[in-house]
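Worksheet: one structure, shown below.
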Amino acid sequence: MNKNAKRMRNLPAKGKKFKIVKGGKAAIATGALALTIMLASCAENSAADGTQGGNAGSTGKPAVSTRPSDVTTVAPLTDGTHTSVFYEEIPFETVYIDTPDMYDDEQIVKEEGAAGKTEVREHTLYKNGKVKDVWQEKITLAEPQKRVILRGTKPSVEIKENTVTETLEKYSTIYEECGTMEVGTKKLKTEGKNSVAVRTYRYTYIKGELAGTEVVAEEISTRVDEVILVGTKAQTFGLPFIDAAHGGVDYKLTQSFGGANNHRGLDFAVYYGDPIIAAMDGTVIEAYDAGYFSKNNILWTYGTYVVIQHDNGFRTYYAHLSRRTVKKGDKVKKGEVIGASGNTGRLNTTATGPYAGTHLHFEIRKYNAKTGVYNTVDPKPYLPWWR
Ligand SMILES: [Zn+2]
């Protein structure tokens, strides 16, 4: 007995497998109970067998057991039921709770886990010094407590892309002369385009902080200069009003140049108040309102009228206007409105014949270098309708 007790004290306290296999097969037998059984076997068979440990022998009636951890009691080698008590740990589980409030590389232990504890009572029945039966009782002393870990789901790395158009170089405007277009006219030949870069930037944010910027796509367009055609052809006279081809009205010609009453221009039967326009670029040299001249002055007959001096040595007259919108000294462009049609000056109230009602009296006068006088000419050959 003393020898046995001494050997017990030298046994390792935990961590050894203990297994007894029914049917007398060889089994691993270490630890406290194994020693007990081994000793029991030795007591009967030592003379014939002589084996040391590692074999539970074929004489006991083994039962499957779990690992003994702490052996608190050892059965004496007497017949009857002997009980060993040891304890087992019940491992705890770890559970994760996902939260979008933390980044995905972050975890916080919310609750620490705690292992549970089971008391194992192992009973061994000895009869005639042999193990007849082994069984266990298990009592849970403490349930395990789960370990709770908060686990972030917010991406710690975020990538954003943005495409922007940046102007690299602005286009220039080139003026190109065009001999088939009249002086003073312009036309867009080529639309200008800036050189631009269309770039896609990729921004990498680590936990909300910008950590890197890279250009992942880039497209650069070449510059195209704007080309504007500028007319160089000498200007020709246009009609003194807006005709149907330009959104106006093709007024009837009511009196031609010359004739029995030596008419000094052309009369057009216009509507009252319609716009009257400059037939060519020039400078206003006369502009008077009706009533400015006395009735014995020939200029009284024009009523409200405008005279424009042109660079090509011609002058144009616009008479019987209801009002004028230019004054002496004004520079005017071909097609620019200079007044409105009317019935001022010398008119006849009848609708036809000389000095008829509301109409435009239009003259072209040509400079004579020999006499230094501007002489009236038939406007027709100079105007688009008859040219
Ligand atoms: Zn007339």
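Restricting attention to the range 199-215, the residues that are open to solvent by less than 60 Å² (accessible area, probe 1.4 Å) and polar (S, T, N, Q) total 2.
Filtered by the rule that a residue be touching a Ser or Thr at 6+ places or on another chain (Cβ under 6 Å) and near the ligand (Cβ under 9 Å from one of its atoms), the range 248-280 gives Arg264, Asp267.
Taken as a whole, the condition of being part of a strand (DSSP E or B), in contact with a Lys or Arg (Cβ under 7 Å, 6 or more places away or on another chain) and either more than 15 Å from the ligand (Cβ to nearest atom) or not assigned by TED's automatic domain parsing to the domain that holds Thr254 (or both) applies to Arg315.
When each of Glu226, Glu158, Glu218, Glu182 is tested for being surrounded by fewer than 13 Cβ atoms within 10 Å (Cβ to Cβ) and among the acidic types (Asp, Glu), the lone residue that passes is Glu218.
For Thr124, are the conditions met, namely being β-branched (Val, Ile, Thr) and in contact with a helix residue (DSSP H, G or I) (Cβ under 9 Å, 6 or more places away or on another chain)? Spelling it out, Thr124 is indeed β-branched (Val, Ile, Thr) and in contact with a helix residue (DSSP H, G or I) (Cβ under 9 Å, 6 or more places away or on another chain). The set of residues in the range 185-198 that are open to solvent by 40 Å² or more (accessible area, probe 1.4 Å) and either assigned to a strand (DSSP E or B) or over 24 Å from Ala279 (Cα atoms) (or both) comprises Lys186, Lys187, Leu188, Lys189, Thr190, Glu191, Lys193, Asn194, Val198. Residues being open to solvent by 80 Å² or more (accessible area, probe 1.4 Å) and either within 41 Å of the chain's Cα centre (by Cα) or in contact (Cβ under 8 Å) with a residue 60 or more places away in the chain (or both) are entirely absent from the range 112-130. Selection of the range 282-300 for residues being in a loop (DSSP other than H, G, I, E, B) and either in contact with a Phe, Trp or Tyr (Cβ under 7 Å, 6 or more places away or on another chain) or open to solvent by less than 30 Å² (accessible area, probe 1.4 Å) (or both) yields Phe293, Ser294. Look at (1) among the aromatic types (Phe, Trp, Tyr); (2) within 16 Å of the ligand (Cβ to nearest atom); (3) open to solvent by less than 40 Å² (accessible area, probe 1.4 Å) and you find that Phe237 fails only one, number (2). Scanning the range 318-329 for residues that are among the charged types (D, E, K, R) and either closer than 23 Å to Thr376 by Cα or within 16 Å of the ligand (Cβ to nearest atom) (or both) yields Arg324, Lys327, Lys328.
The values are calculated or read from the model by the stated rules, or taken from the named source; none is laboratory data. Note that this is a predicted model, so its numbers are computed, not measured. Here the Cβ is made from the backbone with ideal geometry for all residues, glycine too, and neighbour counts use every protein chain on show. Side chains are part of the model used for accessible areas, which takes the heavy atoms of the whole protein and leaves out ligands, DNA and RNA. Shrake-Rupley method; radii C 1.70, N 1.55, O 1.52, S 1.80 Å.
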